[in-house]
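Participant: Okay, here's the structure, questions in a sec.
Rule-based calculations on the coordinates, nothing more; no lab input. Everything numeric here is computed off the predicted structure, so don't read it as measured data. No Cβ is skipped: glycine too gets one built from the backbone with ideal geometry, and neighbour counts run over all protein chains shown.
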Amino acid sequence: MIVARNRRRGPRHRRLLPGHHGRRVRGRRASHGRAEFRISHAVHGPASPPPLASGHRDGDGSVSGTGQVRFRAYDDLAGDPTHTDGASMPSCCTPGHGDAHATTVALALAPAPRGHVADPERAARRLIDLPGGRFLMGTDDPEGFPADGEGPVREAEVGPFRIAPTTVTNAQFAAFVEATGHVTEAEHFGFSFVFGGFLSDEVAAASPSVAAVPWWRAVTGATWRHPEGAGSSLATRQDHPVVHVSWNDAQAYCAWSGTRLPTEAEWEYAARGGLEQRRYPWGDDLAPDGRHMCNIWRGDFPTLNTAEDGWAGTAPAKSFRPNGFGLYNAVGNVWEWCADRFARDTGRVMRGGSYLCHDSYCNRYRVAARSSNTPDSSTGNIGFRVAADGTTPGP
Ligand SMILES: [Ca+2]
Ligand SMILES: [Ca+2]
Ligand SMILES: [Cu+2]
């Protein structure tokens, strides 16, 4: 049965997001194709762990007969005072490499070998041509997070550009790796972040959890080829978004394919699909006529995922209905790296939310929602879609 509802966040949610209210965000008119704004102070302060459900010890991530996916209880991680800081994201969204209880070594990313650049003309033909123009960026939606810099609503302008209908798939990324020998940062680091509910008890026990977001595990051997670590594969996921790719990895893919990451303004313009100031790429109703329009968390985060939209993890990059511009899964499925810095730090913007986003906790699958991570971070719910300069003359 499909449950169609767009529940408003109640008091429980607000308690989960300390500091998300009352911070001032100063905006100014965008220029040169991107919106610029400043946030008055850091937005990624430590967050309290969420209240964790108990009584879900009856499962360990297996799929039950009803198709529901129950995950192991996280209450053993709650209430531990050492689990209250260190996370860069006060949400279900994503941890960064600085969050690992593991020693990491900063590594310079080797540039892709020369002489192996894909045919840019061919790559460009797969992109959607958009005229650009002025649009209302951001939101003052009461469901939004002012501290994330979602508002105020301001007029932004983007020039003509092209953007991919889908995020880069595993098959596409494999072609890039085959041609260039690119080694991803997750492979350099030797681990990446995986949602704990996807792991066996054995792997979970061997994988450190992340402070403040304990459902994230730093899993040795988790890479784009092995999204849940050793033993996992892409056998049934060739057309799913590539994940466990950092912003730097995305840059390398773009260099090879003759593309670039979209600016944040381009991303939002494209994701809105021609609609003005709607909450989602298709309108304001999360599930119009009871129809699921995106791949997010369904149930109770982080213990019960009913997967009633069809997917507990990633869905094929081309699934659900495209928006008015032809973009698939702009919101939900995987976060998408954008070119811009998030604020005055090293973080890079991510947009759109992922299969882990849920209105009881983070509600960042709205089209105006934003988040960030460091350029060397990778997780099982961050991917990217490519863009390119436009060809159509401006207005
Ligand atoms: Ca889902
Ligand atoms: Ca997405
Ligand atoms: Cu989220």
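Participant: Can you give the % of DSSP beta bridges in region 103-389 that are antiparallel, to the nearest 5?
Facilitator: 90 percent
Participant: Sticking with this one: Please list 3J(HN,Hα) in residue order for region 225-232, calculated via the Karplus relation 6.51 cos²θ - 1.76 cosθ + 1.60 where θ = phi - 60°; whole Hz, with x for glycine and proline.
Facilitator: 7, 10, x, 10, x, 3, x, 8
Participant: If you take every residue apart from Thr184 with its C-beta less than 12 Å away from the C-beta of Thr184, what net charge results, scoring Lys and Arg +1 and Asp and Glu -1?
Facilitator: Local charge sum for Thr184: -3.
Participant: List the residues, sorted by chain then number, that are 5 or more residues from Thr169 or on another chain and whose placed amide H is less than 5 Å from its amide H.
Facilitator: Amide H neighbours of Thr169, under 5 Å, 5+ apart: Val242.
Participant: Collect residues whose amide H, placed 1.01 Å from N in the peptide plane, falls under 5 Å from the amide H of Asn373; neighbours closer than 5 in sequence don't count.
Facilitator: Excluding prolines and chain starts, which carry no amide H, the hits are Arg348, Met350.
Participant: Something else: How many percent of Cα pairs in region 103-389 exceed 34 Å?
Facilitator: 15 percent
Participant: Oh, and also: Cut-off is 10 Å between beta-carbons; in what order do Asp141, Asp300 appear when sorted fewest neighbours first?
Facilitator: So the residues, fewest neighbours to most, are Asp300, Asp141.
Participant: Considering amide H positions built from the backbone, and no H for Pro or chain starts, which residues 5 or more places from Trp216, or on another chain, come under 5 Å of its amide H?
Facilitator: Placed amide hydrogens put Gly196, Val210 under 5 Å from Trp216.
Participant: Still on this structure, please answer the following. In whole Hz and in residue order, list the ³J(HN,Hα) couplings for region 238-248 that follow from phi through the Karplus curve 6.51 cos²θ - 1.76 cosθ + 1.60, θ = phi - 60°; x for Gly and Pro.
Facilitator: Result, rounded to whole Hz: 4, 9, 8, x, 5, 10, 6, 10, 7, 4, 5.
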